[in-house]
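A quick write-up on the structure given underneath.
The values are calculated or read from the model by the stated rules, or taken from the named source; none is laboratory data. Predicted model only: the values in this text are computed from it and were never measured. Please note: Cβ atoms are built from the backbone with ideal geometry, for glycine as well, and neighbour counts cover all protein chains shown.
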Ligand code: ADP
């Protein structure tokens, strides 16, 4: 996997120069074939995306995408990143999932992590980078290439570390009206058996004073999951509010970091999945043939 080889070379070099947590990145061994980022930018300039500034989209099968999803808690990063990862045949890597896997493994980190996560705080960069490196290494062993990162980077320091080790093609910044975010987090449910994600919240914001209304239907579980639903321990009102506060303080500057580098695609979600998915595909110049077929059926 090209990105991982870049990790290997750069992080090794940095590890020699410093003993900071950069050295926590694992090492990888695949042949390097990273595309020249300048060439990418030039190649993309013919495909103008959202307005005047073309963004670097890399959908060449020889260079699987390396994308990042940013957005507040509850915005739907996981939903759209996971759909795109299936469409583009790249892994969807959510650092929140890595943290929850570690939590449920009862490993040495688990009680320390539970306390941090259940208070809505960020896990240390060192722990996150270690978990991410292990996940990338496991993917490397399975022959994975490209990625859609969800929930990483979440701080400027994480963004700088990532920038130092690989070329991110595109950062999709998902945005949703503030009123909907808390309700969406509180409505989240997961099936404890199959892992399916659902949302019992029905968002119905009435339009007023010239601002349009917004409707998002609940995503209800099938009957066989309905009795097995669980709620994330950090999806309580108090903790979600704290996570939102931390997002604005620590993660919003990451938007600016990528905006300054010409990599940020702002995407305002117009509603639920049926309205948003086709528009997101359009913004990314992608087509989902399966979706079209099921809509036509
Ligand atoms: P959210 O719904 O708030 O976007 P996630 O599922 O992405 O939540 O993450 C859950 C928790 O895992 C976060 O509140 C944080 O404690 C931890 N976490 C996930 N990714 C990171 C990261 N990149 N840096 C620090 N902590 C993280």
### Query
Which condition does residue 265 not pass, out of (1) under 16 Å from residue 74 (Cα atoms); (2) in a strand (DSSP E or B); (3) touching a residue at least 60 places away in the same chain (Cβ under 8 Å), if it passes all the others?
(1)
### Message
Which condition from (1) surrounded by 11 or more Cβ atoms within 10 Å (Cβ to Cβ); (2) closer than 20 Å to residue 78 by Cβ is the one that residue 226 breaks?
### Response
(2)
### Query
Can you name the residue in region 88-111 that is under 24 Å from residue 286 (Cα atoms) and under 15 Å from the mean Cα position of the chain (by Cα) and is also nearest to the ligand (Cβ to nearest atom) among such residues?
94
### Task
Would you check if residue 126 is at pLDDT 95 or above and either more than 15 Å from residue 234 (Cα to Cα) or more than 11 Å from the ligand (Cβ to nearest atom) (or both)?
no
### Odd one out for residue 107, checked against (1) more than 28 Å from residue 262 (Cβ to Cβ); (2) at pLDDT 95 or above
(2)
### Task
Give me a count of the residues in region 65-78 that are surrounded by 21 or more Cβ atoms within 10 Å (Cβ to Cβ) and within 13 Å of residue 149 (Cα to Cα).
8
### Task
Please state which one of 255, 275 is closer than 24 Å to residue 185 by Cβ, modelled with pLDDT under 95, out of contact with any helix residue (DSSP H, G or I) (no Cβ under 8 Å at 6 or more places or on another chain) and surrounded by 13 or more Cβ atoms within 10 Å (Cβ to Cβ).
275
### Task
Looking at (1) buried (at least 21 other Cβ atoms within 10 Å of the Cβ); (2) within 10 Å of the ligand (Cβ to nearest atom); (3) part of a loop (DSSP other than H, G, I, E, B), find the lone condition where residue 119 falls short.
(1)
#### Entry: Test result for residue 235, modelled with pLDDT under 95, closer than 20 Å to residue 79 by Cβ and surrounded by 17 or more Cβ atoms within 10 Å (Cβ to Cβ)
no
## Note on the structure
Only unsatisfied item for residue 144, checking (1) touching a residue at least 40 places away in the same chain (Cβ under 8 Å); (2) crowded, with 17+ Cβ neighbours inside 10 Å; (3) within 12 Å of the ligand (Cβ to nearest atom), is (3)
### Message
out of contact with any strand residue (DSSP E or B) (no Cβ under 8 Å at 6 or more places or on another chain) and either free of Cβ contacts under 8 Å to residues at least 40 places away in the same chain or more than 23 Å from residue 120 (Cα to Cα) (or both): which single residue out of 286, 244 fits that description?
### Response
286
